[in-house]
1. If R104 passes every condition in (1) in a helix (DSSP H, G or I); (2) at pLDDT below 75; (3) surrounded by 14 or more Cβ atoms within 10 Å (Cβ to Cβ) but one, which one does it miss?
2. So, of the residues in the range 163-173 that are touching a residue at least 24 places away in the same chain (Cβ under 8 Å) and in a helix (DSSP H, G or I), which turns out to be surrounded by the fewest Cβ atoms within 10 Å (Cβ to Cβ)?
3. Tally up the residues in the range 501-525 that are small (G, A, S) and modelled with pLDDT under 85, please.
4. Could you look through the range 463-486, keep only residues that are at pLDDT 65 or above and part of a loop (DSSP other than H, G, I, E, B), and pick out the one that is surrounded by the fewest Cβ atoms within 10 Å (Cβ to Cβ)?
5. Among the residues that make up the range 532-541, is at least one of them open to solvent by less than 10 Å² (accessible area, probe 1.4 Å), of a type outside the set (K, R) and touching a residue at least 24 places away in the same chain (Cβ under 8 Å)?
6. Are any residues in the range 149-162 in contact with a Pro (Cβ under 8 Å, 6 or more places away or on another chain) and open to solvent by 10 Å² or more (accessible area, probe 1.4 Å), and if so, which ones?
7. Which condition number does M577 fail, the rest of (1) of a type outside the set (G, A, S); (2) open to solvent by 10 Å² or more (accessible area, probe 1.4 Å); (3) under 19 Å from the mean Cα position of the chain (by Cα) being met?
8. Can you tell me how many residues within the range 107-148 are surrounded by 24 or more Cβ atoms within 10 Å (Cβ to Cβ), over 22 Å from the mean Cα position of the chain (by Cα) and either free of Cβ contacts under 8 Å to residues at least 40 places away in the same chain or not in a helix (DSSP H, G or I) (or both)?
Amino acid sequence: MSLAIRFRSGRRRLRPASILPALLLGLLGAFGPVPEAEARQAPEALDRRLDRVFDRLDRDGDGVISRQADAVPPAAWGRIAAGGVDVGGGAVDRSAFGEAMAGRLGWFGAASLIPAVIALGLAFWTKDVLLSLFAGIVAGAGVKFVQARIATGLWIPKELDFIGDFFLKALGSESYATILLVYLWFLGGILGVWGKTGAARHFAEVVGAKVVRGPNTARFFAWIVGMVFHQGGTVSTVLAGSTVRPVSDRNRVSHEELSYLVDSTASPAATVLPFNAWPLYVGGLVAGATTAAIGNYVLIPDGEAGSTWFFRSVPFNFYGLLAVSSTLLFSLGLLPWYGGKMKRAVERARQTGQLDAHGARPLVDLDAIEGTPEPGYRVGLVDFLVPLGVLLVLAIVPLLVLKTNMINHAFFFSTATAVLIAVLKGMPLRTAMDGFLDGCKSMTVGAIILGLAVTLGQVSKDLDTAGFVVSILAGRLPAVFLPAVLMLSCMIIAFSIGSSWGTYAVIFPIAVPLALTLAAGRAGVDPGTIAQVAAEGGAVWASILFYVKVCFGAVIGGAVFGDQCSPISDTTVLSSMFTGCDLMDHVTTQAPIALAVAGLAALVSTGLVLVF
């Protein structure tokens, strides 16, 4: 399948096979060797690449590269010699080789953006998510291959091993195994069991008759459920989507509307109602962050203090607050603007009852999962509410009381409870298990897409995409613009890698010391004396803390935007999956609202810094 770039003036076709190497060489060539501090490729990935190059040069396998004995090409030897190690004897061992080449081989510059740009561009252009994600992953191998040539003067064929370097590494991870087992198999299984019992449909009929009175009340019900299940991004999207969809479908709420409501009450709500694992995670990242520029002063000494800072920053998380508020207004029909494509989706659903756009391709067929209820089975609310109650109790109570996360076990026992109730009420065990298996089978495409998304995230990690974005943005603007710049950088990084938590891991250790440094400067204080200012307290110190809180909230909100809107984010994929929406329809209808909210949040942050 050939791809084409079409120009308004004609139909000239440019084949990536011919232009991609030149593009990579141009981008990589523009970013030569950089200081070691900026060569932040993951150590294990860098060591693997250094081993490959070393083995390629060490032809006799004696563990030493000898310029004469191994017939090292002059271009490669020149790069080793330029690395600052002693090559006077005409030979280097693996340690010296690594020291000489790490900075050169570990920096990808602007080329680190290529896989994400290709994946996202193709996704919007072709609306084929599988092809787009796969192309981005393969492009990552191409970037490594060309960059290795520039860094070493050699062609290293093993750098093209995208299966071993990316797929096996990502799909063999605990995080993907958890997604596959819990969110797809257990959730798919319980939906399949509910299909046999008719539990979801019965719940929709009861709620529709007693609570929901039309599209707006159905959307408000979706908002309420999303806020109730807000405790974690992926969990809440799955629970809210599968619970509300039968109700909203009956009331002509389009799947684009529902997926937006579910997605926007997931991670954004988790950051403004942080009674979950988010403060603990972020607290661990910011603990001990400092720099020599502020005299190595530590504002946040430990994880507990970091968690406290998370709670204190909630009033300054303007994206999260505005996202949840705008979603509420949307659910009530009071949001004055929500984009042309979303408007067309609303009108289509209300006027024709067509819940998906023409040509939409939902990730899973939820109607097929729910299937046809078993004849003669007497369904009741107990079939739906008891498994749901088991899930919520086991997910929330241990976390609040025992400080123990049992969400994985909660999904298992919820599914087992659904099967047990069906069997106790007279359904043959084999029939119930057939429903479970049918639900699991229906999740196959979703599992593949999530696997590709996780793998593309591994590509971005190995190429240090986030580190590049940080390096070109940090510290290059006046202090008044830092909150907006931090928010923008988080939006870009999270959108590119599909992870807010991964973005936090990169940004927060940099953002806190940077905010302290600029806050001290704008207050007329020498950053090196900030420890003394903190000890004295007073209005100056209060001003510095206020500025840091605004920056803290900007990081929290910016990363959530990118995570929420990225088509390679697990929450985005699961939101569309469990509401029956086409993935790209969800992305393109949600993005205008989220961008407007993000722009307003950035303006509020900047305005606060200007005024105070």
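The values are calculated or read from the model by the stated rules, or taken from the named source; none is laboratory data. Note that the structure is a prediction, hence the values are computed from the model and not measured. Glycine also receives a Cβ, built like all others from the backbone with ideal geometry; neighbour counts cover every protein chain displayed. The protein model used for the area step is the full one, side chains on, heavy atoms only, and it has no ligands, DNA or RNA in it. Shrake-Rupley method; radii C 1.70, N 1.55, O 1.52, S 1.80 Å.
1. Condition not satisfied by R104: (2).
2. Here the residue is L171.
3. Within the range 501-525, residues that are small (G, A, S) and modelled with pLDDT under 85 number 4.
4. Among those that are at pLDDT 65 or above and part of a loop (DSSP other than H, G, I, E, B), it is P478.
5. no
6. Listed by number, the list holds a single entry, G153.
7. Exception for M577: condition (2).
8. Here the count works out to 1.
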